[in-house]
Structure formats: C-alpha cells, structure tokens
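Quick notes on the structure that follows.
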Amino acid sequence: MKVYLIRNVDLSKSRFDKILSTLNFNGENKKSPIKYYGVCVDPIIDEEIIDRNNEIYYLSTKRIQNDEKINPLHPKDFHRYFTICDSVRKREKIDDNDLCILLTNELNQNNFFTWCDFKIRNIFIQTSQWELVFDYENEYEFAVIYEINAWVLRSFFFENSNILRRSINKRVKGNLMDLCRHKDEMSNKMKTAEIPENLLNQLTENNLDKYPQVKFIKEQFENIRLMLLNRDKSKFWFFPVTLRFTHHNHNPMVVIEELGNKKIDFDLADRVIYRLFLETEGGIHYDNLNLYKKRIYDLFYLETTINRSTKTTLTTMKNKLNILFSDEEREKYSIVLNEEDVKELESNKLISTEKELFNKRTSAINRTLRNAIPTGIVQNYLIINVDKKNKYKIYLDRNFVKYD
C-alpha cells in the first residue's frame, strides 16, 4: 500500500523529513506492508529551501475550542485542502486508490486537527497547535504519526465519510473513533491505542494475518502508546531518535533530541571516532584506518573548544588510537612540531597494540550507546564489525544525525 505525504509550504522540510523517515524506519529491517512517500506542494521550494527550519503560521494561534456550535463533521473550509491533494495527485500521477495526506500548519475555521474527503482518499492533518495537547515537544511528531496511521486504518474500515460518521464516538471513549471535539482530549485515545473491536471483526474476521497493513499499524499504535506513557529508555521504543553534535557552555557533547536533549557520556576520543564512522556511511576497514588519520586529527579540533596544542592532540591520538604522523605526513598536512616534541612522541611506548586500542575504543562507545539509547532501536546506532571481517560501520539513517 502507498501513502503519499504532502508537505505544505508552511511546514519546515526538516520536520517533514523527520516524520517521513520515522514512518519508514524499521529497526529489524523487515519489509513494511506500507510505504510512505514524501512530496511537496511546490517542488521548486522543496529543492531550494533545503535547510529551512522555521515554521510559518498563516493564521493566528487559537486557544482550545470550547464553542459547542463548532461542528467539524460539516466543514465549510476543508475543500481547499482536498483540492491541493488532487492537484498533487495529477502532477505526480498518483493512483486513485492510494492515499494523499496533506500536512500543514495552517489553521481552519473549525479549529479541527484533521478530516477527509468523501472517498477517504484525500486527507489533511494540522501539524501545528499540538502544544495544546502535549507538554513535551518531542511528542508532537508522534501525534502526527498517529493520525497518519489512523487514517490509513479508517480507509480500510469505511467506504466513504458518510459511513465513517455513523461510527464516530460523540463522547470520548479512548479509541480510534473518538471525535475529540476539544483538542485537549486527543492524548486520551493515543495513550490507549485502542481500535474498536467491532471494526476489527468487520474487516478481519478475527484473522489479522490476512491484512498485514492493519497488523503493522496496530503495532505502531502500541509503540506510540508505550512511548507516551514511558518517556525513558524502553525496549518498546520503536521509533528512531536524533543525535545532535552540539555544545553547552562551550563544552562539546552529543545529545538525544527526543529524550529532552539527554547527553551521551562520550569523552573527546569517543566523539571523534563515532563522528568519523557517522561521516563514512560505507564503513571503514580496520586495515584502512590510517587513511583517515588527517580527518581524525581535524575532528579532534572540531570536537573541542579548548585551545589544544598540536602536541596535545597528537599525543591523544597516539595514546587513544596508536595513530602517528610520519615526518612526510606532518609536512604534507602542515602540522608543525619542534624537534623535542617529536622525540617525546616517538619515545613513549604503548602498552596495548593498535588493534587492542581500537577494540577498546569501539567497545566503550557501544557500551555508552547501549546505556543511553532505547534498547529497541540501539542496534542501528552501534559501530558493527560487519560479518566479523574487520569492516566497521554504523547502519543508522543519517537523517537522524545533526551537527551544530
């Protein structure tokens, strides 16, 4: 099944890409029964504004709606969203049976988060104002992801929106079909992850294996529920987290954005080696590590704000990794040392071999990662010895790495 997510120009590309990558992420490398594709309302803007992070709000932020006269089941201003979907369908030649879901920050007169067209093939989801529902910013994306998958399910359950209306809970019961007239009620159904039994029976006849898409979404709902209930490290955390190389009070560090910028306890050498492997997506064979010594040298300066001397940096590289520059290499890379420093570097002997030092370093990095990242996804963040053949790489999607 194909689901096309359409980015409106008021939604930042970085946030849109994060939602898309999370939906398509599979920690166990299993084939997903649903494929989510990303397109932009304006393909020119999508190419030109690659690093745009600011959100544009076309309308003023509204408070939680308490007006009982508001009826989102009979909207007057949703039609333009579905017109946008139809225009993108025509441009991208999207099949009529595939879903198009417009993600937009724009508010609507009904002050409602989401709705569909008559055939439940064009849908819009408001990506702003989730702060009215959740206190923590990292939960906003999971709420949008919940709504995306909820509409995929509804498209299975119902032939059109008229039939869908008859199954909506007018009062909140804590399941997929809650109307949630008041936005602050949205978190209740997300934390239960309930799908009404009558709908499942109607579609699957108690055999979910016939419908892998439904089974897949049920699993995602459960992961979202556990994530909302347990924000700490959990084996049930299915969604990838973002690593940011940043600094605080001039101290470089690596933090996990979705865990409240939780700091990973890397020392300087850890950050350098881990960043080297993140930058080298194809991996590095241990025998070729010396080919990267100049990049390692540069990373030691990038990953510290201290005015480190050349001698200190080279000493650290030798002691931590047994990496040394020859006279020719120092001249080639304009690394200047006086004769006394050269003699001192060359005179100090190492207790461990180069391979032992490397193994200790990667083991320490992986141990730190296991202690910091949810166990359900940590495997993709580790430095792995591929097939035990001394080629090391990190399998993480680099969309989940940021550098300040």
- Query: Just a yes or no: is a residue in segment 311-331 surrounded by 14 or more Cβ atoms within 10 Å (Cβ to Cβ) and closer than 26 Å to N399 by Cβ?
  - Reply: no
- Query: Would you pick out the residues in segment 186-206 that are acidic (D, E) and modelled with pLDDT of 80 or more?
  - Reply: E194, E197
- Could you identify the single residue in K343, K320, K355 that is among the charged types (D, E, K, R), at pLDDT below 90, within 33 Å of the chain's Cα centre (by Cα) and part of a helix (DSSP H, G or I)? K320
- Item | Cross-chain or 6+ apart pairs with Cβ under 6 Å, segment 1-14 first and under 21 Å from I94 (Cα atoms), then open to solvent by 10 Å² or more (accessible area, probe 1.4 Å) and of a type in the set (K, R) | K2/K35
- Query: Applying the selection to segment 364-390, what residues are within 11 Å of F277 (Cβ to Cβ) and in a strand (DSSP E or B)?
  - Reply: I384
- So, in segment 286-301, of the ones that are open to solvent by 70 Å² or more (accessible area, probe 1.4 Å) and either β-branched (V, I, T) or in contact (Cβ under 8 Å) with a residue 24 or more places away in the chain (or both), which residue ends up farthest from K389 (Cα to Cα)? N290
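Quick one: in segment 22-53, which of the residues that are assigned to a helix (DSSP H, G or I) and crowded, with 18+ Cβ neighbours inside 10 Å is modelled with the highest pLDDT?
In this case the residue turns out to be L23.
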- Query: Quick one: which of S334, S309, S326 is closer than 18 Å to H250 by Cα and over 35 Å from the mean Cα position of the chain (by Cα)?
  - Reply: S309
- Would you please name the residue that is modelled with the lowest pLDDT, looking only at residues in segment 63-85 that are open to solvent by less than 10 Å² (accessible area, probe 1.4 Å) and in a loop (DSSP other than H, G, I, E, B)? P72
- Within segment 110-169, track down each residue that is modelled with pLDDT under 90, in contact with a Phe, Trp or Tyr (Cβ under 6 Å, 6 or more places away or on another chain) and open to solvent by 10 Å² or more (accessible area, probe 1.4 Å). Y140
- All conditions in (1) touching a residue at least 40 places away in the same chain (Cβ under 8 Å); (2) closer than 18 Å to N290 by Cα; (3) not in a helix (DSSP H, G or I) are true of R361 except (3)
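The values are calculated or read from the model by the stated rules, or taken from the named source; none is laboratory data. Predicted model only: the values in this text are computed from it and were never measured. Every residue, glycine as well, gets a Cβ built from its backbone with ideal geometry; the counts of neighbours run over all protein chains shown. Side chains included, ligands, DNA and RNA excluded: accessible areas come from the protein's heavy atoms. Shrake-Rupley method; radii C 1.70, N 1.55, O 1.52, S 1.80 Å.
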